[in-house]
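The values are calculated or read from the model by the stated rules, or taken from the named source; none is laboratory data. Please read all numbers here as calculations on a predicted model, not as lab measurements. Cβ placement follows ideal geometry from the backbone for every residue including glycine, while neighbour counts extend to all protein chains displayed. Each accessible area value is taken on the protein alone, full model and side chains, heavy atoms only, with ligands, DNA and RNA left out. Shrake-Rupley method; radii C 1.70, N 1.55, O 1.52, S 1.80 Å.
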Amino acid sequence: DAARRANVLVRQQAQQRSLCSGMGSTLVAASWKGEHVDIVNVGDSRAYLFREGRLTQLTYDQTVGNELRHALGWSEEEFEKFPQRHVLTAAIGAASDVVVRSTQIDLEPGDLLLLCSDGLYNPIGDSGIVEVLNSSASVDGAIRSLIAAANAAGGPDNITVVVMQFSGT
C-alpha cells in the first residue's frame, strides 16, 4: 500500500510542477517483525540475503532484459549482450498503476539483509558484494566498504545501501 501511495504522490508532483515532469524512482523496502521480513520492490532496486557467506537476490528486477530473460529463457551471455537490458519496465511515478513485487523471508541469527540501488550492484557485481561482506567486521564497516567499492569501480550512478543484521528474536 505504501508503494502504491508513493506512486500516486510522485505522479501528482510531476503533474503539478513542470520541473518534475517525467520523474520517477525505483524502490526497495523491508518490514521486519521478529525473524519475518516482508520485502517489496519496484524497478531494479534490490534486496539480498547474506547467509553463511552466500548472497541470494530476493527481489525481481523489473527491466526489459530481465523480463525477456525469463520469458525467453535467455542465458546470462544473451542477457549481457542485449543493449536495453537495464531499461525499467516499472518505476514509482511512471504510470497510474504500479506493479509492486513482494516476497517474504524468515531470517536466522547472523543473517544480513542488504537493500540497495543499481548504483551498488552494477559496478561491483554479486561477487564484489560477497567479498566486501565476508571481509567486513561490522555493519557500518560493510556499508562504508560497499559504497567505496562501487565508487572505486567508477560509481556511475547513485549508490544507496542499507545493511541490517538479524541477531535473533
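Here the condition is being farther than 30 Å from Gly168 by Cβ and either open to solvent by 30 Å² or more (accessible area, probe 1.4 Å) or not in a helix (DSSP H, G or I) (or both); of Ala137, Ala47, Ala71, it holds for Ala71 alone.
Taking the numbered list (1) closer than 24 Å to Asn122 by Cα; (2) among the aromatic types (Phe, Trp, Tyr); (3) out of contact with any helix residue (DSSP H, G or I) (no Cβ under 7 Å at 6 or more places or on another chain) in turn, Phe82 passes all entries but (3). In the set (1) part of a strand (DSSP E or B); (2) of a type outside the set (Gly, Ala, Ser); (3) loosely packed, with under 12 Cβ neighbours inside 10 Å, Asp38 fails one condition alone, (3). Working carefully through the options Thr56, Thr26, find the one that is closer than 22 Å to Glu108 by Cβ and of a type in the set (S, T, N, Q). One residue alone meets the criteria, Thr56. Among the residues of the stretch 36-68, those identified as farther than 20 Å from Leu120 by Cα and either among the aliphatic types (A, V, I, L, M) or modelled with pLDDT of 95 or more (or both) are His36, Val37, Asp38, Glu52, Leu68. If you take the residues of the stretch 53-62 that are in contact (Cβ under 8 Å) with a residue 12 or more places away in the chain and over 10 Å from the mean Cα position of the chain (by Cα), which of them is most open to solvent (accessible area, probe 1.4 Å)? Looking at the filtered set, the residue picked out is Arg54. Could you say whether any residue in the stretch 140-150 is basic (Lys, Arg) and either in contact with a strand residue (DSSP E or B) (Cβ under 8 Å, 6 or more places away or on another chain) or open to solvent by less than 50 Å² (accessible area, probe 1.4 Å) (or both)? No, there is no match, as no residue in the stretch 140-150 is basic (Lys, Arg) and either in contact with a strand residue (DSSP E or B) (Cβ under 8 Å, 6 or more places away or on another chain) or open to solvent by less than 50 Å² (accessible area, probe 1.4 Å) (or both). Filtering Ala2, Ala14, Ala6, Ala71 for residues that are out of contact with any strand residue (DSSP E or B) (no Cβ under 8 Å at 6 or more places or on another chain), among the hydrophobic types (A, V, I, L, M, F, W, C) and farther than 25 Å from Asn122 by Cα leaves a single hit, Ala14.
Okay, residues lined up against (1) under 13 Å from the mean Cα position of the chain (by Cα); (2) within 16 Å of Tyr48 (Cβ to Cβ); (3) open to solvent by 20 Å² or more (accessible area, probe 1.4 Å); (4) in contact (Cβ under 8 Å) with a residue 60 or more places away in the chain:
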| site | (1), (2), (3), (4) |
| --- | --- |
| Val64 | no, no, yes, no |
| Ser75 | no, no, yes, no |
| Glu78 | no, no, yes, no |
| Val87 | no, no, yes, no |
| Ser102 | yes, yes, yes, yes |
| Asp106 | no, yes, yes, yes |
| Leu113 | yes, yes, no, yes |
| Phe166 | no, yes, no, yes |
